[in-house]
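Engineer: Could you have a look at this structure, given as structure tokens, before my questions?
The values are calculated or read from the model by the stated rules, or taken from the named source; none is laboratory data. None of the values given here were measured: they were computed from a predicted structure. Cβ: placed from backbone, ideal geometry, glycine included. Neighbour counts: every protein chain shown.
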Amino acid sequence: MTEADVLNMTALLGDPEVMRFYPAPKSREEAARWIQWNLENYAEHGYGLWVVETREAKFVGDCGLTWQQVNGTPKLEVGYHVRSDLQGQGFATEAAAACRDYAREHVDVAELIAIIHPENRASERVAEKIGMHHVADDRGGNIPVRTVLSMQL
């Protein structure tokens, strides 16, 4: 992800369907901050959320690894967003599996999690397909409860 991705990321993160389980869609300024946050993650950790594209370089969304707080403890999360017109085609599962494999090979961590809104069954299915299972509910963040799925690496 680079600053040149701001239009694609604004369209993705500004889409009410993509962001329906977030407090609100993001503006262009918020999408630019999202990109900056990932650039900082790359610099600090060597990874973050990456742009997902087809083999033909068609923008699909983002997916990657970021550190999140879960019940007060830092945990490595795999996160993903796919354009609403491309959802249900396996892009999130393929990207999340690649991130899981990257974490196994390149990150010194024993557990990988996914934080998912309790009503987001599609995202939960992606996490289950890559080997995760429900372990806890987190009462932090901008929603009352977040479902946490996990797997040992």
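Engineer: Are any residues in segment 87-113 in a loop (DSSP other than H, G, I, E, B) and either in contact with a Lys or Arg (Cβ under 7 Å, 6 or more places away or on another chain) or among the aliphatic types (A, V, I, L, M) (or both), and if so, which ones? If you could, list the steps in order and put the result at the bottom.
Structural biologist: Kept after step one, since they are in a loop (DSSP other than H, G, I, E, B), are these residues of segment 87-113: 87-90, 107-110.
Hits for segment 87-113 are Val107, Val109, Ala110.
Engineer: Only residues that are small (Gly, Ala, Ser) and assigned to a helix (DSSP H, G or I): list them for segment 23-49, please. Before the answer, list the steps.
Structural biologist: Residues of segment 23-49 small (Gly, Ala, Ser): 24, 27, 31-32, 43, 46, 48.
Once the filter is applied, which keeps residues that are small (Gly, Ala, Ser) and assigned to a helix (DSSP H, G or I), segment 23-49 yields Ala31, Ala32, Ala43.
Engineer: Right, here's the next one. What number goes with the only condition from (1) without any contact (Cβ under 8 Å) to a residue 12 or more places away in the chain; (2) in contact with a Gly (Cβ under 8 Å, 6 or more places away or on another chain) that Trp50 does not pass?
Structural biologist: Unmet condition: (1).
Engineer: Mind checking whether some residue in segment 62-69 is at negative phi, over 12 Å from the mean Cα position of the chain (by Cα) and modelled with pLDDT under 95?
Structural biologist: yes
Engineer: Specify the residue that is farthest from Pro16 (Cα to Cα); the eligible residues are those in segment 50-86 that are part of a loop (DSSP other than H, G, I, E, B) and not aliphatic (A, V, I, L, M).
Structural biologist: As a first pass, look at segment 50-86 and keep what is part of a loop (DSSP other than H, G, I, E, B): 54-58, 71-72, 83.
From what's left, not aliphatic (A, V, I, L, M): 54-56, 58, 71-72, 83.
Numbers: Thr54: 23, Arg55: 26, Glu56: 26, Lys58: 21, Asn71: 28, Gly72: 29, Arg83: 11 Å.
Looking at residues that are part of a loop (DSSP other than H, G, I, E, B) and not aliphatic (A, V, I, L, M), I get Gly72.
Engineer: Please work out which one of (1) in contact with a strand residue (DSSP E or B) (Cβ under 6 Å, 6 or more places away or on another chain); (2) surrounded by 14 or more Cβ atoms within 10 Å (Cβ to Cβ) is the condition Gln87 fails and give its number.
Structural biologist: (1)
Engineer: Is there a residue being charged (D, E, K, R) and without any contact (Cβ under 8 Å) to a residue 12 or more places away in the chain anywhere in segment 106-121?
Structural biologist: Step one: filter segment 106-121 for residues charged (D, E, K, R), giving 108, 111, 119, 121.
Applying the additional criterion that residues be without any contact (Cβ under 8 Å) to a residue 12 or more places away in the chain yields 108, 121.
Yes - at least one qualifying residue is present in segment 106-121.
Engineer: Okay, next question. Could you look through segment 114-130, keep only residues that are in a loop (DSSP other than H, G, I, E, B) and either surrounded by 15 or more Cβ atoms within 10 Å (Cβ to Cβ) or polar (S, T, N, Q) (or both), and pick out the one that is modelled with the highest pLDDT? It would help to see each step written out before you state the result.
Structural biologist: First, the residues of segment 114-130 that are in a loop (DSSP other than H, G, I, E, B): 117-120, 130.
Checking the rest, the ones that are also either surrounded by 15 or more Cβ atoms within 10 Å (Cβ to Cβ) or polar (S, T, N, Q) (or both) come to 117, 120, 130.
Details: His117: 90, Asn120: 94, Ile130: 97.
In this case the residue turns out to be Ile130.
Results for (1) closer than 23 Å to Ile130 by Cα; (2) at pLDDT 95 or above; (3) surrounded by 12 or more Cβ atoms within 10 Å (Cβ to Cβ), shown as yes or no for each residue.
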| residue | (1), (2), (3) |
| --- | --- |
| Asp5 | no, yes, yes |
| Trp34 | no, yes, yes |
| Glu40 | no, yes, no |
| Val78 | yes, yes, yes |
| Arg83 | yes, yes, yes |
| Ala97 | yes, yes, yes |
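Engineer: Only one of (1) part of a helix (DSSP H, G or I); (2) within 15 Å of the chain's Cα centre (by Cα) is not met by Arg20, so which one is it?
Structural biologist: Of the numbered conditions (1) part of a helix (DSSP H, G or I); (2) within 15 Å of the chain's Cα centre (by Cα), the odd one out for Arg20 is (1).
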